[in-house]
Amino acid sequence: MSDIAPVLEHLDKSIDKSLERLFSLLAIPSISTDPAYAAECRKAAEWLADDLRSIGFDASVRETAGHPMVVGHHDGEGPHVLFYGHYDVQPVDPLALWESDPFAPAVKEVEPGRKIITGRGTSDDKGQLMTFVEACRAYKAVHGRLPCRVTVLFEGEEESGSPSLIPFLEKHAAELKADFALVCDTSMWDRETPAICIGLRGLVGEEVTVRAADRDLHSGFFGGLAANPIHILAKALADLHDEEGRVTIPGFYDGVEETPAEVLKSWEALNCTAESMLGPIGLSVPAGEKGRSPLELVWARPTAEVNGISGGYTGQGFKTVIASEASAKVSFRLVHKQDPDKIRAAFRDFVRARVPSDCSVTFAPHGGSPAIQLRHDSPFVRQAQDALTKEWGKPAVAIAMGGSIPIVGSFQNLLGMESLLVGFGLADDRIHSPNEKYELSSFHKGQRSWARILTALARG
């Protein structure tokens with residue numbers, strides 16, 4: 001503990017300075033999906049490179065076909081770790097629902113003894129990535145070195161599909177390869193219980209457009225005679241599930257395994273119920289497959305969800321038309337050994353079979369990645385669990401996640417690295433929504449946690 005104790009003390013004394021740095025980064029509206037903010041994305045990348053250089057990293061902004069990457073290297077003894085985070089953020093619409101300026105971060109006390117950091121990117125992912133940077137900064141200030149050899153990779157397109165990531169990893173594989181990767185884009189189990197994620201669902205996204213007549217039609221002249229693409233598409237989407245909540249696409253469950261009984265038992269010990277998960281969002285009745293526990297549904301079962309649908313007149317008032325086309329965005333969360341390419345092809349065949357011969361349908365892909373299962377018994381997972389338990393005073397739990405982090409699969413497939421997924425977000429952080437926040441305790445103890453983890457990894 002002689003190495004870590006003064007580092008933790010330094011972090012405690014420097015929390016105000018670390019907040020100032022975080023606020024400077026949060027104030028940059030680095031919205032990657034909107035071309036109007038391209039200059040702001042570059043500004044955020046340059047800010048991070050400058051900050052890394054200030055603590056001794058050999059850091060630079062690297063060009064891509066889209067927004068730039070930030071890469072930094074710092075020598076050290078012991079294992080070589082690659083830390084990944086992203087500096088881009090989601091759009092803030094609808095702006096009217098924000099209680100304060102999304103790019104004017106602040107600390108707000110929401111109840112006695114509990115404070116939050118407000119603003120876009122606080123939890124996803126600027127606040128998270130800065131916990132690691134601050135841990136490195138404290139180590140350098142106290143000991144003049146880092147306990148491990150560290151490479152940092154900050155991406156600027158995570159919120160817009162990461163189009164430049166795979167080419168960048170392939171081009172710089174030799175430079176970026178490390179013993180394993182550290183990813184801080186996940187969550188705790190609850191406000192007091194740290195967690196390590198060992199499972200992620202995969203993802204397939206599809207946009208489907210059904211076209212019928214060559215123009216919008218008067219529903220009085222053509223209603224009952226002409227094909228209505230909204231009806232056609234709605235019927236196809238409704239057919240995706242049966243009455244038991246199972247997905248009806250042929251072959252959809254190929255590669256889906258039953259969750260082992262011992263795993264289900266460990267999840268039951270977390271005392272998570274439909275009421276505890278759905279109640280805070282105003283719901284009470286579980287959807288999805290019947291006879292499955294809430295955690296099994298979101299951690300270990302595949303899904304088909306309609307994320308958006310459009311067609312016809314949707315403005316104020318009323319317009320009696322039969323639309324010429326209708327579109328929907330559909331996503332599939334994958335588990336175990338489901339093949340993203342096969343799921344995509346099966347979905348397209350499923351829809352085509354429901355489109356009349358005088359109508360047409362087109363598809364546009366939006367990403368695809370398989371599910372990821374990490375080894376829960378790997379040495380660095382155990383070391384991280386011990387370090388987190390010491391910091392938080394409660395045993396760190398091993399969890400899965402219903403979401404997808406494609407970079408983890410890319411690290412595995414392209415760089416031959418497993419990942420350690422440790423994050424300090426919470427389910428109520430409102431990421432991707434108005435009024436995003438990050439617990440001040442997550443930011444502070446996240447820094448301390450990474451300092452402990454780096455120390456534990458260095459000692460082996």
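The values are calculated or read from the model by the stated rules, or taken from the named source; none is laboratory data. Just so it is clear, the structure is predicted and the values come from calculations on it, not from any experiment. We place every Cβ from the backbone using ideal geometry, glycine too, and count neighbours over all the protein chains shown.
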So, first residue in contact (Cβ under 8 Å) with a residue 24 or more places away in the chain in the stretch 92-107, second residue of a type in the set (Lys, Arg), Cβ within less than 6 Å, six or more apart or across chains; the pairs are 92/120; 102/120; 107/115
By residue number, the members of the stretch 432-460 that are under 18 Å from residue 89 (Cβ atoms), in a helix (DSSP H, G or I) and touching a Pro at 6+ places or on another chain (Cβ under 9 Å) are none
Condition set farther than 26 Å from residue 456 by Cβ and over 24 Å from the mean Cα position of the chain (by Cα), scope the stretch 1-27, selection surrounded by the fewest Cβ atoms within 10 Å (Cβ to Cβ): answer is 16
If you go through 330, 351, the only one that is under 29 Å from residue 259 (Cβ atoms), buried (at least 19 other Cβ atoms within 10 Å of the Cβ) and of a type in the set (Val, Ile, Thr) is 330
Residues in the stretch 279-324 that are over 20 Å from residue 237 (Cβ atoms) and of a type in the set (Asp, Glu) total 1
Counting only residues that are more than 21 Å from residue 314 (Cβ to Cβ) and among the small types (Gly, Ala, Ser), the stretch 183-220 contains a total of 5
Checking 442, 433 in turn, the sole residue that is over 28 Å from residue 17 (Cβ atoms) and at pLDDT 95 or above turns out to be 433
Restricting the stretch 66-115 to residues that are assigned to a strand (DSSP E or B), of a type in the set (Gly, Ala, Ser) and over 21 Å from the mean Cα position of the chain (by Cα), the one farthest from residue 55 (Cα to Cα) turns out to be 106
In the stretch 28-65, residues that are surrounded by fewer than 20 Cβ atoms within 10 Å (Cβ to Cβ), assigned to a loop (DSSP other than H, G, I, E, B) and out of contact with any Lys or Arg (no Cβ under 9 Å at 6 or more places or on another chain) total 5
Listed by first then second residue, the pairs whose first member lies in the stretch 16-43 and is without any contact (Cβ under 8 Å) to a residue 12 or more places away in the chain, whose partner is crowded, with 17+ Cβ neighbours inside 10 Å, with beta carbons under 6 Å and at least 6 positions apart or on separate chains, are 37/29; 37/31
Any hit, the stretch 243-258, residues being part of a loop (DSSP other than H, G, I, E, B) and in contact with a Cys (Cβ under 6 Å, 6 or more places away or on another chain) = no
The correct count of residues that are surrounded by fewer than 15 Cβ atoms within 10 Å (Cβ to Cβ) and under 18 Å from residue 226 (Cα atoms) in the stretch 308-320 is 3
Among 243, 305, 289, the single one that is among the acidic types (Asp, Glu), surrounded by 15 or more Cβ atoms within 10 Å (Cβ to Cβ) and modelled with pLDDT of 95 or more is 289
If we keep only residues of the stretch 409-432 that are in contact (Cβ under 8 Å) with a residue 60 or more places away in the chain and polar (S, T, N, Q), then the residue surrounded by the most Cβ atoms within 10 Å (Cβ to Cβ) is 419
Does the stretch 251-258 contain at least one residue that is within 30 Å of residue 455 (Cβ to Cβ) and in contact with a helix residue (DSSP H, G or I) (Cβ under 8 Å, 6 or more places away or on another chain)? no
Pairing a residue in the stretch 239-259 that is basic (Lys, Arg) with any residue that is part of a loop (DSSP other than H, G, I, E, B), where Cβ atoms lie under 6 Å and the two sit 6 or more apart in sequence or on different chains, gives 246/289
Within the stretch 178-215, the count of residues that are surrounded by 15 or more Cβ atoms within 10 Å (Cβ to Cβ), part of a loop (DSSP other than H, G, I, E, B) and in contact with a Ser or Thr (Cβ under 9 Å, 6 or more places away or on another chain) comes to 7
Taking the stretch 343-394 and keeping residues free of Cβ contacts under 8 Å to residues at least 24 places away in the same chain and of a type in the set (Ser, Thr, Tyr) leaves 357
Inset, instruction - Would you mind stating whether residue 171 is charged (D, E, K, R), without any contact (Cβ under 8 Å) to a residue 24 or more places away in the chain and surrounded by fewer than 24 Cβ atoms within 10 Å (Cβ to Cβ)? - result: yes
Conditions (1) out of contact with any helix residue (DSSP H, G or I) (no Cβ under 7 Å at 6 or more places or on another chain); (2) more than 18 Å from residue 449 (Cα to Cα); (3) not in a helix (DSSP H, G or I) -> residue 151 fails only (1)
- Message: Given the criteria touching a residue at least 12 places away in the same chain (Cβ under 8 Å) and over 30 Å from residue 454 (Cβ atoms), does residue 317 qualify?
- Response: no
Checking 264, 233, 225 in turn, the sole residue that is more than 28 Å from the chain's Cα centre (by Cα) and free of Cβ contacts under 8 Å to residues at least 40 places away in the same chain turns out to be 225
